[in-house]
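The values are calculated or read from the model by the stated rules, or taken from the named source; none is laboratory data. Note that the structure is a prediction, hence the values are computed from the model and not measured. Counting neighbours? That spans all protein chains shown, and the Cβs are built from the backbone with ideal geometry, glycine included. When the accessible area is computed, the model is the full protein with side chains, heavy atoms only, and any ligands, DNA or RNA have been set aside. Shrake-Rupley method; radii C 1.70, N 1.55, O 1.52, S 1.80 Å.
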Amino acid sequence: MSAITKMSALAFIFLTLWSSLLCSIPSDEQETLKDIIDSLTNLPSDWTINDLGNGCTWEGIGCSLQDSVTNLSLSSRNIKGQLPDSLLKLKSLSVLDFHQNLLDGTLPSLPNTLQTINLSHNNLSGVVSPSLLESSSLQYLNLENNRLSGTIPSMFSNALKTLLLGNNIFAGCLPDFGKSKSLESCNLQGNTFYCCQVVLPRPCVSDPCIVPPIDPKKMSPALITVIVLFCIVVFGFLVFAVVYRFCMVSYKNVYTQDALLNTKVYTSL
């Protein structure tokens, strides 16, 4: 092998190693990918701990020019487990899509750079953090067909365009959707909400609300007085009706007996 050939081979190896170093995912994001591998099952075969630096080439991952993870999309793969809280370390993540899997546990802490979140059709439980809907970047949120509970946060970002929370276990009063000027699509069906004089905008679809239960601790003294007086009046009316009915029946029976007695006397004469 000539000297030129050897130099070319060495140069190629050097450039390959250098480019691999330059194209490596940041170390903190590699830790997040490792946490995902440790927490979830049924991931694609190229998701291996021994190749974390080349995560940008893995199935379901998209990266920026700076090799930061911007997209995690692995839907309809029967993936099981809980999403780790270390997702918060993905500072450039804009899309998180794990819909139609078997994820369980609660919603993890998520970076405020996310624009699209689709975790629908899983087994997620717990509550939705107010900070999630307050994110100034979030435009699309789909959490339908899970087991999420609690109330829906009342504050919304003006960036939010699509809100899909149908078929969960949400309850309480509906939030004031009028504060979100950008909302274009909204589904809340399959939950149980109270009628709290909140008017849903046209994009929102929901089941009929129910009358909220009365909390005696929150009732004013005047209202309690009115209710007590009303109960007394109703009770008095019922007592009067029963007594009146009893008197009328007794009078009728006495009158009937007197009539029969007079009839017998008149007949004997």
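Values for this structure:
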quantity: Checklist (1) modelled with pLDDT of 95 or more; (2) open to solvent by 70 Å² or more (accessible area, probe 1.4 Å); (3) hydroxyl-bearing (Ser, Thr, Tyr) applied to Ser27, failing item; calculated: (1)
quantity: Only one of Asn122, Asn101 that is within 29 Å of Cys186 (Cβ to Cβ), in contact with a Leu (Cβ under 6 Å, 6 or more places away or on another chain) and crowded, with 17+ Cβ neighbours inside 10 Å; calculated: Asn122
quantity: Residues being in a loop (DSSP other than H, G, I, E, B) and exposed (fewer than 12 other Cβ atoms within 10 Å of the Cβ) - total across the stretch 37-64; calculated: 1
quantity: Evaluation of Leu163 against (1) crowded, with 20+ Cβ neighbours inside 10 Å; (2) assigned to a loop (DSSP other than H, G, I, E, B) (one fails), failing number; calculated: (2)
quantity: Per-region count, the stretch 143-154, residues under 25 Å from Lys91 (Cα atoms) and surrounded by fewer than 20 Cβ atoms within 10 Å (Cβ to Cβ); calculated: 1
quantity: Count - residues of the stretch 201-214 that are surrounded by 15 or more Cβ atoms within 10 Å (Cβ to Cβ), under 16 Å from Ala171 (Cβ atoms) and either of a type in the set (Lys, Arg) or at pLDDT below 75 (or both); calculated: 1
quantity: Unmet requirement for Pro108, which otherwise passes all of (1) open to solvent by less than 80 Å² (accessible area, probe 1.4 Å); (2) out of contact with any Ser or Thr (no Cβ under 7 Å at 6 or more places or on another chain); (3) assigned to a loop (DSSP other than H, G, I, E, B); (4) at pLDDT 95 or above; calculated: (4)
quantity: Failed item in (1) modelled with pLDDT of 90 or more; (2) in a helix (DSSP H, G or I), with Phe14 passing the rest; calculated: (1)
quantity: Number of the condition not met by Asp67 [criteria: (1) at pLDDT below 95; (2) surrounded by fewer than 17 Cβ atoms within 10 Å (Cβ to Cβ); (3) of a type in the set (Asp, Glu); (4) assigned to a loop (DSSP other than H, G, I, E, B)]; calculated: (2)
